[in-house]
Amino acid sequence: GDELLRKSASFRVNIQLEGVTIRFSAKVSEFGDEDGLPFYKVQIPETIDYHQRRAAIRIKLSAANPITTSLTTEADIEFEGEISDLSIVSLRIDFNQSIPLKLKQTDIVKCTFPLPHDDKQYFTAKLIIRAIKHEEDETNHAFIGGQFHKPDNNQESQLQRAIMTLQRNAQKKRWA
């Protein structure tokens, strides 16, 4: 990489992290070497493309501490999965087997799960199914992506608090 950079003296950065993409181009104004390690001096880019695909921060949940959610159809059929990511507007639920029902996009189900800051308190809201995928391999895994349907102020507050708790817990693990 150092050899290529010295030939062209310019590069493009494309970073993707937690649903955010950052892109910019830069030109090296000075090459150096300190203790056997090369370094490069660049000007601050004139423009930086910052793109977030989602309207809200989406938190990935740890497989080590799953949150089990219960979904109930309008026909009172109940089934469970594990939340793999969560935002104040939506979530993704993973299943270790095929989804036992014939659900389709736009179906509305009741979603209930314990809040991470208080296992005795539960969040309950209607969820519009936006995506369904079944793995076509021996695992039969499946997932549902859903959007909360018209959450009220109390539900939004519960979700914000849950997301802040999950973010804090993730930070503690990173720093430990």
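Brief remarks follow.
- The chain, relative contact order in percent, only Cα pairs under 8 angstrom and at least six apart counted: 15 percent
- Largest GNM mean-square fluctuation among N140, N14, N154, using the chain with Cα springs under 10 Å: N14.
- Solvent-accessible area, 1.4 Å probe, carbon plus sulfur percent, for the chain: 49 percent
- Here the dipole of the stretch 20-82 is about 320 debye; that uses its Cα centre as origin and unit charges on the Cβ of Lys and Arg (positive) and Asp and Glu (negative).
- Shape class for the stretch 21-65: oblate, because the ratio a/c of the largest to smallest gyration tensor axis (alpha-carbon atoms, square roots of eigenvalues) is 1.5 or more and b/c is at least a/b.
- Between the residues P45, T72, V13, the greatest Cα displacement towards the positive end of the dipole of the stretch 1-80, with unit charges on the Cβ of Lys, Arg, Asp and Glu, is found for P45.
- Where only DSSP H runs of four or more residues are counted, the chain gives -5500 deg cm²/dmol as its mean residue ellipticity at 222 nm, each run worth -39500 (n - 2.57).
- Cut-off under 5 Å, modelled amide H: who pairs with S84 long-range: R92, I93, D94
- Placed amide H near V42: partners under 5 Å, 5+ positions off or other chain: S29
- Projected area averaged over orientations for the stretch 86-133, convex hull of C-alpha atoms, nm²: 4.0 nm²
- All lysines inside 24 Å of K7 as judged from Cα atoms, apart from same-chain residues fewer than 8 positions distant: K27, K41
- When only the Cβ of Lys, Arg, Asp and Glu is charged (+1, +1, -1, -1), the dipole of the chain relative to its Cα centre reaches about 540 debye.
- Viscosity 1.567 mPa s, 4 °C: Kirkwood-radius Stokes-Einstein D of the stretch 126-170 over Cα pairs, µm²/s: 101 µm²/s
- Classification of the stretch 95-176 by its C-alpha gyration tensor yields an oblate form. The axis ratio a/c (a ≥ b ≥ c) is 1.5 or more, and b/c is at least a/b.
- Shown here is the pair-distance distribution of the chain: with all Cα-Cα distances grouped in 5 Å bins from zero up to the longest one, the shares run 1, 7, 13, 15, 14, 11, 9, 7, 7, 7, 6, 3, 1, 0 percent.
- Averaged per residue, the chain has 69 square angstrom of accessible surface, using a 1.4 angstrom probe with ligands and nucleic acids left out.
The values are calculated or read from the model by the stated rules, or taken from the named source; none is laboratory data. Treat the numbers as computed from the prediction; the structure is a model and nothing was measured. Note that we place each Cβ from the backbone using ideal geometry, even for glycine, and neighbour counts take in every protein chain shown. All accessible areas refer to the heavy atoms of the entire protein, side chains included, with ligands and DNA or RNA removed. Shrake-Rupley method; radii C 1.70, N 1.55, O 1.52, S 1.80 Å.
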